[in-house]
Amino acid sequence: MKILLFNMIKTLSPLSPNPNVNYPFEKEIVAPRARGVIALDQDACTSCMLCARQCPDWCIYIEGHKELQPPAKPGGRQRSRAVLDRFDIDYALCMYCGICVEVCPFDALFWTPEYEYSEYNMGDMLHDKNRLDQWLNTVPEVEGLEN
């Protein structure tokens, strides 16, 4: 009798409301600190290559050059400044471990809650610095530390 009752409940269970989200029409509410896509702050990046060297998948490609800046005071010496030319992340290779975000000493990389960046073509998963910079607006504000 128990087995019969169990099987009847199992049979009628598809008639209950579906707990899944109807994705294209209803957007999923993500957690505030969710790992979606990685955003880049181009102004903060010094092209030090730490993120690319620490990445276990080698999915970050960086190119840069040095420019001389004029001296801050008259009679001072010129200083060199690293300029970012290329910063690409291949999301087809990325395993979203977050090592690049953690290792960046200049806080140029951030996690965003964006999750809608799939592509039809695998080659389009290589996102450049301009596209990564657009997602910087979606980075949530960091709450203050508790005492």
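Order these by the 10 Å Cβ neighbour count, fewest first: Y61, Y120. Let's see the in-between values first.
Values: Y61 14, Y120 5.
Least crowded to most crowded, the residues run Y120, Y61.
Using Cα springs under 10 Å in a Gaussian network model of the chain, which residue among T11, T46, T112 shows the largest mean-square fluctuation?
T11
Using Kirkwood radius over Cα pairs in Å as the read-out, say which of [x] 15.3; [y] 18.1; [z] 19.0 was calculated from these coordinates.
Derived directly from the coordinates: [z].
Looking at the chain as a GNM with Cα springs under 10 Å, which of P17, P70, P56 has the largest mean-square fluctuation?
Comparing P17, P70, P56 in a Gaussian network model of the chain, the most mobile one is P17.
Among V101, V139, Y23, whose Cα projects farthest towards the positive end of the dipole of the chain, with charges put on the beta-carbon of Lys, Arg (+1) and Asp, Glu (-1)?
V101
Report, as a whole number in µm² per second, the diffusion coefficient that Stokes-Einstein gives for region 67-147 at 25 °C and 0.890 mPa s using the Kirkwood radius over alpha carbon pairs.
Answer from the Stokes-Einstein relation: 153 µm²/s.
Would you mind getting me the FRET efficiency between E102 and A82? Use the beta-carbon distance for r and R0 = 25 Å, nearest 0.05.
Computed FRET efficiency for E102 and A82: 0.75.
Dipole magnitude of the chain about its Cα centre, charges +1 at Lys/Arg Cβ and -1 at Asp/Glu Cβ only, in debye to the nearest 20?
320
Please arrange L5, L15 by how many other C-beta atoms lie within 10 Å of their C-beta, fewest to most.
Details: L5 9, L15 6.
By the 10 Å Cβ count, ascending, the order reads L15, L5.
Which is farthest toward the positive dipole end of the chain among G76, P32, P14, measuring Cα position about the Cα centre, with Cβ charges +1 (Lys, Arg) and -1 (Asp, Glu)?
Projecting each Cα onto the dipole axis, the largest value belongs to G76.
Would you work out which of Y120, I3, Q54 lies farthest towards the positive end of the dipole of the chain, given +1 charges on the beta-carbon of Lys and Arg and -1 on that of Asp and Glu, about the Cα centre?
Q54
For the chain, what's the relative contact order in percent, using C-alpha pairs closer than 8 Å and at least 6 residues apart?
Averaging sequence separation for qualifying contacts and normalising by length gives 30 percent for the chain.
Would you mind checking the tilt of helix 2-12 against the longest principal axis of the Cα atoms of the chain, expressed as 0 to 90 degrees and rounded to 10?
60
Quick one: go through region 26-41 and flag any residue whose amide nitrogen is under 20 Å from the point 7 Å out along the Cα-to-Cβ line of L126.
Inside the label zone: 38-40.
Under a 10 Å cutoff between Cα atoms, tell me which one of F87, F106, F25 has the largest fluctuation in the Gaussian network model of the chain.
F25
Bear in mind that the values in this text are calculations on the coordinates, not laboratory data. Note that the coordinates shown come from a computational prediction; the quantities given were computed from them, not determined experimentally. Neighbour counts run over all protein chains shown; Cβ positions are idealised from the backbone, glycine included.
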